[in-house]
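*Asks:* Before we start, here is the structure in question, set down as structure tokens.
Every read-out reported here was derived from the displayed coordinates using simple, explicitly stated rules and does not represent laboratory data. It should be emphasised that the depicted structure is a prediction, and the values quoted were computed from it without experimental measurement. Virtual Cβ from ideal backbone geometry, glycine too; neighbours counted across all protein chains shown.
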Amino acid sequence: MKTVEFVEALSTGADGEGAGQAAALFSRTFGKAPDGVWSAPGRVNLIGEHTDYNAGLCLPIALPHRTFLALGARRDGRVRLVSSLSPDSPEEASLDGLKPGGVKGWAAYPVGVAWALRQAGFDQVRGFDAAFVSCVPVGSGLSSSAAMTCSTALALDEVYGLGFGGSDQGRLTLIDAAIRSENDMAGASTGGMDQSASMRCRAGHAIELDFRPGLSALESARQVPFDLQSHGLELLVLDTRAPHRLNDGQYAARRRSCEQAAQALGVGSLRVPADQVAASDDPGRALEAVLTRLDDPTQRRRVRHVITEIGRVGRFVEAFGAGDVKRAGELFNASHDSLRDDYEVTVPELDVAVDVARSEGAYGARMTGGGFGGSIIALVDAGRSRDVASAVADEFGRRGFGRPRALAALASSPAQREG
Ligand code: ADP
Ligand code: MG
């Protein structure tokens, strides 16, 4: 049997592994004790893919895998950083006179948060020393970047007395700073789903995010019970580690296709027909009526994905809420098949991983994230993740694919103070 790299979550709390390791790295690097330890989770989207730019819905959960940050405030504008990924190479930067893009490499993410808070008018934010220890797989589409920026935002909020971290409303300000850091300092375009999930998800819940224009940040998020444990389940997350292939142009082409379809239908976004179809007595016929108004067969398939996928988010919430795990799994399967056949954003590694997970007894499995590589998720019985992941690794070995990496998830808590 081919071994699969299985990533365990570091334990939380003041006496947990995450807090202990982050504080130890801080003391070893900077020769003093930190002011405290904070953490923020990575995230994974349950369902609702390629719906954000169509004013649709998505449904992320916070992972048990988190980035832990031991931090100490400074009186000057210096920032000193170290990460467990490169513990012997600390980074340095200065907030004084800092411009967008002024810090290179991973240090841009945490430095950018302090910069963004100062830009937003919080002049009391000064420099800091920080040590990061993370068990969020980096670059797997599980948002290690948001785990880093959100943990930094929460820590700075507390040591500089901003007072935003204690409420959902207040956290919106910290989310803005985390997004600005990624966009303007790290130069990574991000729409905000990752940071909202990392800051606002609750344990045992998914957060339904609604991208319909005109909604306030509070109106656009809804907590949805998603207690896998009480159903005897867990979520397998498996990073295929497929090399990303030519995805830039493809992503832009999908967006353009959706915009052109909305224009042809005379609507602001595909959310409008999606809502009409969902409200219809005969959704199948209502969908056909929309599609017949489009000339291009490829465009019809793209639109069919978007409309059915937006509908699946609500149906998944309903099915899981009613305890219908079989139905919830079928919706995972339908989502993947639609992304493969209609939206055409899967690659062989994603399809094979999903097929193996299904044949190994998963209730449902689908790719998650933008596609063209990245991760799959599978709804499995508690304790089954490792076996299913090993079976995927075996099949990858037979086909000459790379070695996947996996973890088991329950819906976990948002950015928090650890100790
Ligand atoms: P993802 O967010 O899906 O993991 P990104 O490309 O958005 O992928 O972010 C990954 C980048 O974030 C890394 O290349 C690195 O610059 C930074 N990063 C995230 N976590 C850490 C960490 N623990 N230590 C150092 N850098 C990190
Ligand atoms: Mg990211």
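*Asks:* Measuring from a point 7 Å past the Cα of Val138 along Cα-to-C-beta, which residues in the range 103-131 have an amide N at less than 18 Å?
*Replies:* Residues 103-113, 130-131 fall inside that zone.
*Asks:* If the cut-off is 20 Å between C-alpha atoms, which aspartates and glutamates fall inside it for Lys104, apart from same-chain ones fewer than 8 positions away?
*Replies:* Straight-line reach from Lys104, under 20 Å: Asp88, Glu91, Glu92, Asp96, Asp129, Glu182, Asp184.
*Asks:* What is the distance in Å between the Cα centres of the range 105-158 and the range 10-75?
*Replies:* Spelled out, the Cα-based centre of one part sits 10 Å from the other.
*Asks:* Nearest 10 degrees is fine. How inclined is helix 247-265 to the longest principal axis of the chain, computing both from alpha carbons?
*Replies:* In the chain, helix 247-265 runs at an angle near 50 degrees to the longest axis.
*Asks:* Please give, to one decimal in nm, the separation of the simple spin-label points placed at Arg255 and Asp394, each 7 Å out from Cα toward the Cβ.
*Replies:* Once both label points are built, they end up 4.2 nm from each other.
*Asks:* For Arg222 and Asp76, FRET efficiency with R0 = 30 Å and r from the beta-carbon atoms, rounded to 0.05?
*Replies:* It comes to 0.10.
*Asks:* Also, quick follow-up: In debye, nearest 20, what is the charge dipole magnitude of the chain about its Cα centre with +1 on Lys and Arg Cβ and -1 on Asp and Glu Cβ, if you could check?
*Replies:* Working: 45 positive and 52 negative charges, 113 e Å.
Approximately 540 debye in magnitude.
*Asks:* A follow-up question, please. Expressed as an acute angle from 0 to 90° and rounded to the nearest 10, what is the orientation of the C-alpha long axis of helix 385-399 relative to the principal long axis of the chain?
*Replies:* It is inclined by approximately 70 degrees.
*Asks:* Rounded, prolate or oblate: which fits the range 229-408, taking a ≥ b ≥ c as square roots of the Cα gyration tensor eigenvalues, rounded meaning a/c under 1.5, else prolate when a/b beats b/c?
*Replies:* Verdict is oblate for the range 229-408.
*Asks:* Another question, if that's okay. Separation of the range 215-246 and the range 301-342 by C-alpha centroid, Å?
*Replies:* The range 215-246 and the range 301-342 have Cα centres spaced 13 Å from each other.
*Asks:* If I take R0 = 56 Å and measure r between the Cβ atoms of Ala14 and Asp282 in this structure, what FRET efficiency does the formula 1/(1 + (r/R0)^6) give, to the nearest 0.05?
*Replies:* Given R0 = 56 Å and the Cβ-Cβ separation, E is 0.50.
*Asks:* Here is a further query. Quick check: the distance between the Cα centres of the range 262-287 and the range 161-210, to the nearest angstrom?
*Replies:* Here the two parts' Cα centres lie 31 Å apart.
*Asks:* Given the options Ser385, Ser167, Ser134, state which has the largest fluctuation in a GNM of the chain using a 10 Å cut-off (strictly under) for Cα springs.
*Replies:* Result for the chain, Cα springs under 10 Å: Ser167 fluctuates most.
*Asks:* Add +1 for every Lys or Arg and -1 for every Asp or Glu among the other residues with Cβ under 10 Å from the Cβ of Gly374, and state the total.
*Replies:* Combined, the nearby Lys, Arg, Asp and Glu give -1.
*Asks:* Determine the calculated [θ] at 222 nm for the chain from helices alone, applying -39500 (n - 2.57) to every DSSP H run no shorter than 4 residues and normalising by the residue count; nearest 500 deg cm²/dmol.
*Replies:* -13000 deg cm²/dmol
*Asks:* Using a Gaussian network model of the chain whose springs link C-alpha atoms within less than 10 Å, name the residue from Val317, Val138, Val82 with the highest mean-square fluctuation.
*Replies:* Maximum fluctuation in the GNM of the chain, among the listed residues, is at Val138.
*Asks:* Which of rounded, prolate or oblate describes the range 299-354 when judged by the alpha-carbon gyration tensor and an a/c cut-off of 1.5? It would help to have the intermediate numbers written out before the result.
*Replies:* Values: a/c = 3.87, a/b = 1.41, b/c = 2.73.
Verdict is oblate for the range 299-354.
*Asks:* Can you tell which of Phe30, Met148, Leu10 lies farthest toward the positive end of the dipole of the chain, using +1 and -1 charges on the Cβ of basic and acidic side chains (Lys, Arg; Asp, Glu)?
*Replies:* Phe30
*Asks:* Could I ask something else about it? Rounded if a/c is under 1.5, else prolate if a/b is larger than b/c, else oblate: which is the range 1-136, with a ≥ b ≥ c the root eigenvalues of its Cα gyration tensor?
*Replies:* oblate
*Asks:* Identify which of Asp296, Asp52, Asp239 has the largest mean-square fluctuation in a Gaussian network model of the chain, with springs joining Cα atoms closer than 10 Å.
*Replies:* Asp296
*Asks:* Label Glu5 and Ala188 with points 7 Å out from Cα along Cα→Cβ: what is the distance between them in nm?
*Replies:* Once both label points are built, they end up 1.7 nm from each other.
*Asks:* To continue, here is another question. Quick one: plug the Kirkwood hydrodynamic radius of the chain (C-alpha pairs) into Stokes-Einstein at 37 °C, 0.692 mPa s, and report D in µm²/s.
*Replies:* Reported coefficient: 149 µm²/s.
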